[in-house]
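Below is one structure, written out as structure tokens; comments come after it.
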Amino acid sequence: MTYQFTPWVFRDPAILAPDYAIGALDADRADRADTPVDDERAAADLAGYDVEATDGGIGSVDKANYEVGGAYLVVDTGPWIFGRTVMLPAGTVRHVDHAERKVYVDRTKEQIKNAPEYDAESVAIRDYRDRVGGYYEDSYRESPTLD
């Protein structure tokens, strides 16, 4: 079966609300009994989470955008590639570990290092998003088969 990579869509909608995180969220909301657990999980903010490429850590999430059909993470790579900031489309996310506060992506450090730099002023421009999405779509074809 051939998998078509869609850069701006999370592959698994449950990625931000894994069942294993329910207990942790219940404990966190003990003083907010009027907020349903499902609402908190759906609104999980990944800002501050560490980001792990297939071959090691690459930085941390500065910002997460959950726009339907246009979701992405803005990742500060820190000193690893001289403070560069990149945008990772939601489709690159393999899974999120809320307990460890880590986002695992299906790209290597080298692929992320070579990605177009994040441009906050251009993010709403279709050509910019097409260029970024195209880069990750091409790098998906170069990646080994993932389970």
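Every number here is computed from the coordinates shown, using simple stated rules; none is lab data. Source: prediction; values computed, not measured. Cβ placement follows ideal geometry from the backbone for every residue including glycine, while neighbour counts extend to all protein chains displayed.
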Sum of side-chain charges, THR54 neighbourhood, beta-carbon under 9 Å (Lys, Arg +1; Asp, Glu -1): 0
Most to least packed among 83-91, 124-132 [average Cβ atoms within 10 Å]: 83-91, 124-132
Mean separation of Cα contacts under 8 Å (6+ apart) over length of the stretch 64-103, as relative contact order %: 28 percent
